[in-house]
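Chemist: First the structure, then my questions, so here it is.
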Amino acid sequence: MTLYDSHNHLQRFADPAKIIAEMRAAGVAGCVVNGTGEDDWETVARLTETFPDFVQPAFGLHPWKAHLRSGNWLALLENFLDRFPNASIGECGLDGWVSSPSLEVQREVFLPQLARARERSLPVTIHALKAWEPLFAAFDQEKPPENFLLHSFGGSPELVKRLADLGAWFSFSGYFLQPRKAKVVEAFKAVPQDRLLVETDAPDMMPPEEFITHPTAEGNHPANLTRIARALAERLETGEENLVALTAENHRRFFNSDR
């Protein structure tokens, strides 16, 4: 089994080396660690340098931190992208669930990140929550790169179609295994097979208790991915080995990874 966690925040764990060892033991062969702002980009960089065979970095300014940016944030982001040629851009996006910062302030940092991803031909990982029409409006203003990922996608089958037509990829997280989120699983049945990824968003997006194989006081352990993938395979009515092989290949293609 060769699974890839296509989106997590390993930088938020106290002992990443221990977490990675447990991920490897569970069959996870690598992950993309997403930075969320100027306060954690260097930590992501150090993880990448310490575990180059396991961690692939992504550097982005999260919509929740848009109002905290410095005047030099974009130049700093570009420095990290220059420093790590295998990096992607993310996590960035739009969030209508929070009242502050406003969508307008979020858009001020999201659009330049879309532009840099397109100009550099880099994949971009997008956070979109209760902001679908603003997201499409942003795409009208700043075209996304060829590869863009809706991480922990929680939309409808109709949104899958609209986004897939623009080139979107979609990753599934264990949080949506909750019975009350069954409609999201239905949406993933509409995702093109060659655009499907799996993730944990660890330490966030905790799956239901029965899918937690690695309990930890720090939240969602990324080694839970193995059980999450098995549960998704069951719901998509495909074999676990097939889903693992499919998402591994998709991960490598999306992130231009040679692992």
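Throughout, read-outs are computed from the coordinates displayed, never taken from laboratory work. What you see is a predicted model; the values in this text were computed from it and never measured. Every residue, glycine as well, gets a Cβ built from its backbone with ideal geometry; the counts of neighbours run over all protein chains shown.
Chemist: Among the residues of segment 16-42, how many are of a type outside the set (Gly, Ala, Ser), touching a strand residue (DSSP E or B) at 6+ places or on another chain (Cβ under 8 Å) and assigned to a loop (DSSP other than H, G, I, E, B)?
Modeler: Result for segment 16-42: 1.
Chemist: Just one of the numbered conditions (1) assigned to a helix (DSSP H, G or I); (2) under 17 Å from Thr36 (Cβ atoms) is not true of Phe139; which one?
Modeler: The number of the failed condition is (2).
Chemist: How many residues are hydrophobic (A, V, I, L, M, F, W, C), out of contact with any helix residue (DSSP H, G or I) (no Cβ under 6 Å at 6 or more places or on another chain), part of a helix (DSSP H, G or I) and over 16 Å from Thr36 (Cα atoms) if we restrict to segment 92-131?
Modeler: Qualifying residue count for the region: 1.
Chemist: If I ask for residues that are of a type in the set (Asp, Glu), surrounded by 15 or more Cβ atoms within 10 Å (Cβ to Cβ) and on the phi < 0 side of the Ramachandran plot, which ones from segment 168-203 would you list?
Modeler: Narrowing segment 168-203 to residues of a type in the set (Asp, Glu): 186, 194, 199, 201.
Subset that is surrounded by 15 or more Cβ atoms within 10 Å (Cβ to Cβ): 199, 201.
The one that is of a type in the set (Asp, Glu), surrounded by 15 or more Cβ atoms within 10 Å (Cβ to Cβ) and on the phi < 0 side of the Ramachandran plot: Glu199.
Chemist: Here is a further query. Residues being hydroxyl-bearing (Ser, Thr, Tyr) and either over 25 Å from Arg252 (Cα atoms) or not in a helix (DSSP H, G or I) (or both): count how many of those fall in segment 43-81.
Modeler: Number satisfying all stated conditions: 1.
Chemist: Between Ala223, Ala164, Ala187, which is within 24 Å of Glu249 (Cα to Cα), under 16 Å from the mean Cα position of the chain (by Cα) and of a type in the set (A, V, I, L, M)?
Modeler: Ala223
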